[in-house]
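Notes follow the structure.
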Amino acid sequence: MLARETFNLLKKYQIRLDRRKGQNYLIHDQILSRIIENSQITDSDVVLEIGAGIGTLTIPLAENASKVVAVEQDKRIVQVLRERLQQEGISNVEILEEDATRLDFPYFNKVVSNLPYQISSPITFKLLKYDFDFAILMYQLEFAQRMVAKPGESNYSRLSVMMSLCSQTEFLFKVPKKAFIPPPRISSAVIKLTPKKNQDVDEFFVKTCRALFQHKKKKSGKALLQSFHEISDMDIARGTIRDLISQLDRKLIEERVFKLNPGEILRISTQLEEVMEELL
C-alpha cells in the first residue's frame, strides 16, 4: 500500500528523487509501523522530523502527536507535503523549509526521522545539544554499527566514543535496501538515541579523541605523538610533546587506542590538558 501510494505521488507531481540529496523514500509498510511503534507517540508529544519528504512519517506521526515540526529543504517536496496535509485535514504540522544543519530547532521532546544520510553525523551531534526524551532515527547500517560499537570491535571509532559518553544508544533493527525508493547502495538501521542528562564533552576532549583515532591500532601514546597537531596548533618541539605524553597514566598510553573505553579516553584527555597547562 505504501509503495503504491509513493509511486503514484511521485508520478503525479513528476518528481525524480535524487540520491545525492539523500532522497531515499521508505515504501515498506511493516518498517514504517515498527518505527511508529517504537516512537511511542502520545497526544502530549511535540515531534521533530528531519527530512520530512512527502510525509511518509509525518502523517502517521501527526495523527498521534500534539504537534509535528517537519523540516524539509527541497521546495518541490515541501509543496507536495503541504498539499497532502491539506487533503488529509491535518493542521498540527509546522513545516520548516530549511537546511536542518543550520536551523535553530524550535521546542520538541521527541525526534523521529529517516535522516538524509549525508548529514547523519552533524545532525546527530547537533541534536545532542538539545534537551529531549529520545529519538528514533534511521541511519546507514555501517554508521549505525559504529554508533553502538564497543572497545575492541572492528567498528569501534571516535563516533562510538562520543555516542557512549553523550547518549544511551540502542540498535533496534536492520532495514533492507529494497524497503526504499530508490534503493540506497547499503542497508539501513533504526537506532533509539536517548541523551544523557548533564553530560557534555568539551572541545579539548573532541580534539584528543580525533588525534587518537587517527591511528586506532597503535598504542595511544604513539597515536598522540603522531597526531598532536589535531590537539594544538602551537609550534611545539617533538621532544616536548614526548615529555607531555610521558606524564600521562602509563597503563593508558601503552594500551592500543581501539581497546580504550570512553572513560579511559576521557581520563587521557583530562590528564593531557592538565600537563599542557602546567608546562606550556
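Values in this text are rule-based calculations from the coordinates and carry no lab data. The structure presented is a predicted model; accordingly, all values stated were derived computationally and were not measured. Positions of Cβ are generated from backbone atoms using ideal geometry, with glycine treated the same way; all protein chains shown enter the neighbour counts.
The Cα-based radius of gyration and maximum Cα-Cα distance (Dmax) for the range 174-280 are 18.2, 57 Å. What you get for the range 2-195, charging only the Cβ of Lys and Arg (+1) and of Asp and Glu (-1), is a dipole of about 920 debye around the Cα centre. One decimal place: the segment Gln168-Gln14 gains 51.3 nm when fully extended, by the rule 0.36 nm per residue minus the C-alpha distance. Placing R0 at 51 angstrom, the Cβ-Cβ distance between Asn38 and Asp249 gives a FRET efficiency of 0.80 after rounding to 0.05. Close amide H partners of Ser167, meaning residues 5 or more places away or on another chain with modelled amide H under 5 Å apart, are Lys196.
Available extension along the chain between Asp99 and Lys177 is 25.5 nm, counting 0.36 nm per residue and deducting the alpha carbon span. Go ahead and run the numbers for FRET between Ser91 and Arg185, Cβ-Cβ distance against an R0 of 25 Å, rounding to 0.05. Step by step, r from the Cβ atoms, then E = 0.05. When the helices of the chain are scored as -39500 (n - 2.57) per DSSP H run of n ≥ 4 and the total is divided over every residue, the value at 222 nm lands at -12500 deg cm²/dmol. Taking 7 Å steps out from each Cα toward its Cβ at Asn261 and Phe125 produces label points 2.4 nm apart.
Considering only Gln87, Gln73, Gln40, the Gaussian network model of the chain with Cα springs below 10 Å gives its largest mean-square fluctuation to Gln87.
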